1. Enumerate the whole-percent occupancy of each 5 Å bin, from 0 to the last occupied one, for all C-alpha pair distances of segment 38-133.
2. What spacing in nm lies between the two simple spin-label points modelled at residue 47 and residue 140, each 7 Å away from Cα in the Cβ direction?
3. How much length, in nm to one decimal, is gained on full extension between residue 157 and residue 14, taken as 0.36 nm per residue of separation minus their Cα-Cα distance?
4. GNM on the chain, C-alpha springs below 10 Å: top fluctuator among 69, 139, 25?
5. For residue 183 and residue 79, calculate 0.36 nm times their separation in residues minus their Cα-Cα distance, and state this gained length in nm to one decimal.
6. Run a plain Debye calculation on segment 158-200 (Cα atoms as equal point scatterers, no solvent) and give log10 I(q)/I(0) at q = 0.33 Å⁻¹, rounded to two decimals, same order as the q list.
7. Note the full-extension length gain between residue 164 and residue 149 as 0.36 nm times their separation in residues minus their Cα-Cα distance, in nm to one decimal.
8. Take segment 120-166, compute every pairwise Cα distance, and split them into 5 Å bins from 0; I just need the percent in each bin.
């Protein structure tokens, strides 16, 4: 069902969620971000830290906050946060997740501004920075892949990442929180990237995505 104009939800950014890969990034993120998504190998119990179970396989680490990256993660105990891997692009999907106790979601990368304006969720997050995963593989890999145009696609375990970083800095978005997904950035670079969002500064050599205004 398409929402009427009266049902359109206008949001303003009020928080930042950092997704990190290593301990140095985690330490920096605890100082810079409102919340931090961490993989099992560096996760520890902290009021800001959400556990991100692997995209494939199970995770037996108990955690109070779970970042759900596939539907199987909805079965975990703890407070659930809807990850971009759930690919929410409409209100029906948001309502279904709410029935599983998920009341904050990260919008799917394929959603456009019309989709986002009509999604009802207590807290809506947009993937605003990072090398978005383009493909998942059954086998764990490492290193990188190169296509026929010589573009390099980093590979981390089961994820083939985009050759170009996405950034919405300097672009108006309709969200409560922004997700900044860090790959190989240093703590200093993380701080600079956050500053570019807070100061509304455009970044160079990036792609812009579909869901700005």
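1. Going from the shortest bin to the longest, the percentages are 3, 14, 25, 24, 19, 11, 4, 1.
2. 3.4
3. Gain on stretching residue 157 to residue 14: 48.3 nm.
4. Fluctuation is largest for 139.
5. That pair, residue 183 and residue 79, stretches by 34.9 nm at full extension.
6. One equal scatterer on each Cα of segment 158-200 leads to -1.31.
7. The span from residue 164 to residue 149 would gain 4.1 nm if fully extended.
8. P(r) over segment 120-166, rounded to whole percents: 5, 20, 23, 19, 13, 9, 6, 4, 1.
Bear in mind these aren't lab numbers, they're just calculated from the coordinates by the rules spelled out. It should be emphasised that the depicted structure is a prediction, and the values quoted were computed from it without experimental measurement. A quick note on method: Cβ atoms are made from the backbone with ideal geometry, for glycine too, and the neighbour counts reach across all protein chains shown.
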